[in-house]
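Chemist: Below is one structure. I have some questions about it.
The values are calculated or read from the model by the stated rules, or taken from the named source; none is laboratory data. Just so we're clear, the structure is a prediction, and the values are computed from it rather than from any experiment. Positions of Cβ are generated from backbone atoms using ideal geometry, with glycine treated the same way; all protein chains shown enter the neighbour counts. Each accessible area value is taken on the protein alone, full model and side chains, heavy atoms only, with ligands, DNA and RNA left out. Shrake-Rupley method; radii C 1.70, N 1.55, O 1.52, S 1.80 Å.
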Amino acid sequence: MLKDWPELDQISLLGTKQAFQALGNSSKGLNTKEADLRREHFGANQLVLEKKHQALRNLLSKFLSPVILILIVAGSLSLLFHDRRSAAVIYIMIFLSIFLDFIQEYKSAKAAAKLQEKVVVKIEVWRDGQKKSLKSAELVPGDLVSLSVGSIIPADCRLVEEHGLFTNESSLTGESFPVAKTASASKNKENILFAGTNIVSGYGTALVVRTGAKTDFGQIAANLSLTESPTEFEKGIKSFSIMVSQTILILVILIFFLNTIFKGFDWYNSLLFSLALAVGLTPELLPMIVSITLAKGSLSMSKHGVIVKRLNAIHSFGAMNILCTDKTGTLTENKIKLVKNVDIFGAESKTVLEQAYLNSFFQSGLINPLDEAVLKIKIDLTTSSYNKIGEIPFDFNRRRLAVVLQPKATVTKFFIISKGAPESILNLCKKYSQGGKVKEFSTLAKKQALDEYQALSRDGFRVLAIAYKEISVGKEEISKEKKDILARANDFEHDMILSGFIAFLDPPKRAVAKAIKDLNRQGVEVKIISGDNDLVIRKICQEVELPVKGFLSGEEVEKLSQEELALKVKNISIFYRTSPQQKEKIIKALRAGGDVVGYLGDGINDALPLKAADVGISVNNGVDVAKESADLILLTNDLSVLSLGVDSGRKTFANTLKYILMGLSSNFGNMFSVAAASFLLPFLPMTPLQLLLNNFLYDFSQTTIPTDNVDSEMIAKPHHWNTKNIRNLMIFLGPISSIFDILTFIILFFVFKLNESQFQTGWFLESLATQILVIFVIRTKKIPFLQSRPSRYVLVSILVILTIGWVLPFTPFASYFGFVAPSYKVMLTIGLLVGIYLVFTQKLKGYIFKKFLDY
């Protein structure tokens, strides 16, 4: 391995052979042994290197949780005051809480990572004299890689061979115009491909020079935050957590002072009780519940052909109320056939077909379905009779592609053949061809050309225009012209001759009409953002029964400010003739209006809108830059899987919300109850140890919520996080539990006249039962069990935990926790109170849910 590794500035000045030598490679690539040595020396090709012992780090990080820290303080205080029994129980709870949390998250992460492996982007690399497909992270400096249109540059590379290669370097420079690259030595790094950029035209091979954090892109990323912007759901969870923390802090401090100053309890027990209460009131399982529900949602969606790259996007997918998509391959079969090649009068033209064939054959950009359809046509044409001199790659401003050819039979002529959007091509032409004759465009002929194009579009055909121009060169200028023709190609693309049009048929999918209806039924509006013209899209929309509210062109989008566009997009269903920047602008305008927007795309032109959307969706056969920009990958380009995926996303949201509602209806009810008990009772309603045990059993019963069944009403439409409504739910649901807690206090203390241990045992049983049984009531708007049944796992976990809690006072372990066996009268009374509480909550929940929840 080389000791002094060359810098980019040095390698760009070298010729191709010298570059191979400098990087210690050959045209056969590195051998495996050398590659392993270089990976060990330079590290993996990753911006953030994977940390060793990551699982151990994650496990240790659990000890930094605020809840665990409170428990550690409580356990340490117990030891300090020689209360070893409480300390032992607290430390056992710490261990079990961390262990269960870690195992669940570890399994969830493993499952998600395994699914993501299915859609990982791979690079073609020469190793051991063979071309292999490897993960980007496996590349090492000196590797020889093959790159083509749509490829993301995996590392800083030195081009050694290229064919019309242009890159988009906007990720580094902010400039979206294509940058021409060369394999020759260069002072300006024109032969350097930068990591993080992508190829928009052409193909080539390159030598890897720098990898990972040593690339220009890696150095920029090191100075920026690599964390992704939070989703609306994540923002909601954070807002909810802050609200809960503030409420807990105020009430726990209040209860501590009530117990010490007004009731005269010793400060040690009062402090320990307050700490235990803080633990019990904190929804500490929320991160784990979210992780499990997301992992379960990811697995469920994978069964429907949707692979989740970013787990947090699942909630956005479920909340999505607008889906923007291209037409080709989504609404249509993407099985394109060339069916017509005509002049401007609609007559079949062999010349149009021949020129279209030459353009498609010699262009080095992405071989798209249109070019493939052209090249499938059997034609009496010898492409070897032409030399390719240059190319003007396709870009979304020009909306056309041109090749410059030289017939071998004559060295003094060049032809430039342009193919692209008719509106773009027509603006270049002053003449047209008919029956082998070239004529000047009159007003009438111009109208005829436009009419023919529109007639083909109205019939549902995708239409491209073909134009050409002959460039004659004197013998003394030939060598100079060949050398400079590519640089001057743009100068030649004017005053051209319109040959005619080629028309393609791309029939709509049979099942797409049902898929659109399913999405509409789910409250998801489908909008089309396409590069095609409005006439073609209108025809397709009619055939697939897509509701259309209005049309807006890319040109009109460009003229509107972001604020003006945000007001207009609501009433537009079809956006046509749009560029990538215009697509991005449309997505941002929709989001600005409060909508949760999904975008489905698989091409180079879709990277910007995929990033701009709340949830970006691509397909597994899409180009690399699209797949890297997406949050979800479809294994099939079919809208029907989206409908199933939306259901899965909504189920994850619904089950997460159930856990939060559980905490609101029981935990906060208990908090109000404890505050009341501080005034009513001459002792603590539960010992700190009993309170911690209650919380531990309650938490354990909630771990199965992610597996719960979800009512169809809960997933019938999109739902958005609303912290204000959740706060109002806390205010209404909490006091219901408190009323029955206080009623329990009165009956146990004033009616049964129980002593301290008997009372604490009774309230432990009542508190545990109301906390965990209420899940059956609030998990559904319907009548529990009769109209809506919980999952088997939820039912079993609740009943098992309830049984353990209610049997505990009758076991030898009772004295360890300060319990005494209650009388059957007390047990029956508590059971009756719990039953009345559940019936009362069932009666009131309809009004509360209707007022504060949007389902």
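Chemist: When you check Leu401 against the structure, is it in contact (Cβ under 8 Å) with a residue 12 or more places away in the chain and within 20 Å of Phe501 (Cα to Cα), yes or no?
Modeler: Values: in contact (Cβ under 8 Å) with a residue 12 or more places away in the chain: yes; within 20 Å of Phe501 (Cα to Cα): yes.
The answer is yes for Leu401.
Chemist: Within segment 108-126, can one find any residue that is at pLDDT 80 or above and among the small types (Gly, Ala, Ser)? Explain how you work it out, then say what you get.
Modeler: As a first pass, look at segment 108-126 and keep what is at pLDDT 80 or above: 122-126.
Within this subset, residues satisfying the condition of being among the small types (Gly, Ala, Ser) are none.
No; the residues of segment 108-126 include none that is at pLDDT 80 or above and among the small types (Gly, Ala, Ser).
Chemist: Restricting to segment 806-832, name every residue that is under 50 Å from the mean Cα position of the chain (by Cα), under 19 Å from Tyr698 (Cα atoms) and not aromatic (Phe, Trp, Tyr).
Modeler: Val807, Leu808, Pro809, Ile830, Gly831
Chemist: Moving to a separate point now. What's the number of the condition Ala180 fails, among (1) surrounded by 18 or more Cβ atoms within 10 Å (Cβ to Cβ); (2) farther than 25 Å from Asn620 by Cα?
Modeler: Among (1) surrounded by 18 or more Cβ atoms within 10 Å (Cβ to Cβ); (2) farther than 25 Å from Asn620 by Cα, Ala180 violates only (1).
Chemist: Counting only residues that are crowded, with 19+ Cβ neighbours inside 10 Å and out of contact with any strand residue (DSSP E or B) (no Cβ under 6 Å at 6 or more places or on another chain), which one in segment 577-587 is nearest to Phe461 (Cα to Cα)? Even if it seems obvious, please write down each step before you answer.
Modeler: Initially, segment 577-587 is screened for residues crowded, with 19+ Cβ neighbours inside 10 Å, giving 577-580, 582-587.
In the following step, the residues that additionally are out of contact with any strand residue (DSSP E or B) (no Cβ under 6 Å at 6 or more places or on another chain) were identified as 579-580, 582, 584-585.
Details: Ser579: 21, Pro580: 23, Gln582: 24, Glu584: 26, Lys585: 28 Å.
Among residues in segment 577-587 that are crowded, with 19+ Cβ neighbours inside 10 Å and out of contact with any strand residue (DSSP E or B) (no Cβ under 6 Å at 6 or more places or on another chain), the one nearest to Phe461 (Cα to Cα) is Ser579.
Chemist: State yes or no: is Phe317 open to solvent by less than 40 Å² (accessible area, probe 1.4 Å), over 30 Å from Ser76 (Cβ atoms) and of a type outside the set (D, E, K, R)? Give the derivation first.
Modeler: On the way: open to solvent by less than 40 Å² (accessible area, probe 1.4 Å): yes; over 30 Å from Ser76 (Cβ atoms): yes; of a type outside the set (D, E, K, R): yes.
Yes: the conditions hold for Phe317.
Chemist: When residues of segment 298-326 are filtered for being touching a Pro at 6+ places or on another chain (Cβ under 9 Å) and under 30 Å from Pro547 (Cα atoms), how many remain? Please lay out each step first, then the result.
Modeler: Residues of segment 298-326 touching a Pro at 6+ places or on another chain (Cβ under 9 Å): 312, 318-321, 324.
Going one step further and asking which of them are under 30 Å from Pro547 (Cα atoms), we end up with 318-321, 324.
Within segment 298-326, residues that are touching a Pro at 6+ places or on another chain (Cβ under 9 Å) and under 30 Å from Pro547 (Cα atoms) number 5.
Chemist: Filter segment 613-632 for residues that are polar (S, T, N, Q) and either over 18 Å from Pro580 (Cα atoms) or open to solvent by 30 Å² or more (accessible area, probe 1.4 Å) (or both); which is nearest to the chain's Cα centre (by Cα)? Let's see the steps before the verdict.
Modeler: So the first thing to find is which residues in segment 613-632 are polar (S, T, N, Q), and the list is 618, 620-621, 629.
Still in the running and either over 18 Å from Pro580 (Cα atoms) or open to solvent by 30 Å² or more (accessible area, probe 1.4 Å) (or both): 620-621.
Numbers: Asn620: 14, Asn621: 17 Å.
Result: Asn620.
Chemist: Further, regarding this structure: Collect the residues in segment 130-168 that are open to solvent by less than 10 Å² (accessible area, probe 1.4 Å) and over 22 Å from Gly24 (Cβ atoms), keeping them in residue-number order.
Modeler: Gly150, Leu165, Thr167
Chemist: Moving on to the next point. Pick from segment 436-454 the residues that are touching a helix residue (DSSP H, G or I) at 6+ places or on another chain (Cβ under 9 Å) and not hydroxyl-bearing (Ser, Thr, Tyr): which of them is nearest to Pro508 (Cα to Cα)?
Modeler: By that ranking, first place goes to Gln454.
Chemist: Taking Leu828 and the conditions (1) open to solvent by less than 80 Å² (accessible area, probe 1.4 Å); (2) at pLDDT 95 or above; (3) within 25 Å of Asn755 (Cβ to Cβ), which numbered condition does it fall short on, given that it satisfies the others?
Modeler: So Leu828 meets the others, but not (1).
Chemist: When the residues of segment 543-566 are filtered to those that are of a type in the set (Asp, Glu) and surrounded by 11 or more Cβ atoms within 10 Å (Cβ to Cβ), which remaining residue is farthest from Leu505 (Cα to Cα)? So that I can check it myself, show each step before the final result.
Modeler: Residues of segment 543-566 of a type in the set (Asp, Glu): 543, 545, 555-556, 558, 563-564.
This time we only want the ones that are surrounded by 11 or more Cβ atoms within 10 Å (Cβ to Cβ), so: 543, 545, 555-556, 558, 564.
On the way: Glu543: 14, Glu545: 19, Glu555: 26, Glu556: 28, Glu558: 30, Glu564: 36 Å.
By that ranking, first place goes to Glu564.
Chemist: Quick check on my filter: what residues within segment 273-312 are closer than 30 Å to Lys627 by Cα and not in a helix (DSSP H, G or I)? Full working, then the answer.
Modeler: Going through segment 273-312, the residues closer than 30 Å to Lys627 by Cα turn out to be 287-312.
Passing the criteria: His304, Gly305, Val306, Ile307, Val308, Lys309, Arg310, Leu311, Asn312.
Chemist: What residue, of Leu590, Leu635, Leu639, Leu610, is farther than 20 Å from Thr167 by Cβ and either open to solvent by 20 Å² or more (accessible area, probe 1.4 Å) or within 14 Å of the chain's Cα centre (by Cα) (or both)? So that I can check it myself, show each step before the final result.
Modeler: Values: Leu590 fails: either open to solvent by 20 Å² or more (accessible area, probe 1.4 Å) or within 14 Å of the chain's Cα centre (by Cα) (or both); Leu639 fails: either open to solvent by 20 Å² or more (accessible area, probe 1.4 Å) or within 14 Å of the chain's Cα centre (by Cα) (or both); Leu610 fails: farther than 20 Å from Thr167 by Cβ.
It is Leu635.
Chemist: Of all the residues that make up segment 7-23, how many are surrounded by fewer than 19 Cβ atoms within 10 Å (Cβ to Cβ) and either of a type in the set (D, E, K, R) or closer than 19 Å to Asn188 by Cα (or both)?
Modeler: To start, the set of residues in segment 7-23 that are surrounded by fewer than 19 Cβ atoms within 10 Å (Cβ to Cβ) comprises 7-10, 13-18, 20-21.
From what is left, the residues that are either of a type in the set (D, E, K, R) or closer than 19 Å to Asn188 by Cα (or both) are 7-10, 13-18.
Qualifying residue count for the region: 10.
Chemist: Now for a separate question. Take the residues in segment 505-532 that are under 30 Å from Ile417 (Cα atoms) and surrounded by 20 or more Cβ atoms within 10 Å (Cβ to Cβ); name whichever of them is nearest to the chain's Cα centre (by Cα). Give the derivation first.
Modeler: So the first thing to find is which residues in segment 505-532 are under 30 Å from Ile417 (Cα atoms), and the list is 505-507, 529-532.
Pick out the ones that are also surrounded by 20 or more Cβ atoms within 10 Å (Cβ to Cβ) and you get 506, 529-532.
Details: Asp506: 29, Ile529: 19, Ser530: 21, Gly531: 24, Asp532: 26 Å.
The extreme case among them is Ile529.
Chemist: Now a separate question. When residues of segment 190-220 are filtered for being in a loop (DSSP other than H, G, I, E, B), modelled with pLDDT of 85 or more and closer than 13 Å to Thr167 by Cα, how many remain?
Modeler: Pass one, segment 190-220, residues in a loop (DSSP other than H, G, I, E, B): 190-191, 194-197, 211, 215.
Right, trim to modelled with pLDDT of 85 or more and you get 190-191, 194-195, 197, 211, 215.
Filter once more, so that each one left must be closer than 13 Å to Thr167 by Cα: 190-191, 194-195, 197.
Qualifying residue count, segment 190-220: 5.
Chemist: For segment 321-354, how many residues meet the condition of being part of a strand (DSSP E or B), open to solvent by less than 20 Å² (accessible area, probe 1.4 Å) and of a type outside the set (Val, Ile, Thr)?
Modeler: Initial filter on segment 321-354 (part of a strand (DSSP E or B)): 322-325, 332, 337-342, 348.
Adding the requirement that they be open to solvent by less than 20 Å² (accessible area, probe 1.4 Å) leaves 322-325, 332, 342.
Narrowing further to those that are of a type outside the set (Val, Ile, Thr): 323-324.
Residues meeting the conditions: 2.
Chemist: Hey, another quick one. Check off (1) aromatic (Phe, Trp, Tyr); (2) within 14 Å of Leu464 (Cβ to Cβ); (3) buried (at least 24 other Cβ atoms within 10 Å of the Cβ) for Tyr357 and give me the number that stays unchecked.
Modeler: Unmet condition: (3).
Chemist: Related question: List, please: which pairs have Cβ atoms under 8 Å, are six or more places apart or on different chains, and start with a residue in segment 432-458 that is on the phi > 0 side of the Ramachandran plot and end with one that is in a helix (DSSP H, G or I)?
Modeler: Filtered contacts from segment 432-458: Gly436/Thr351.
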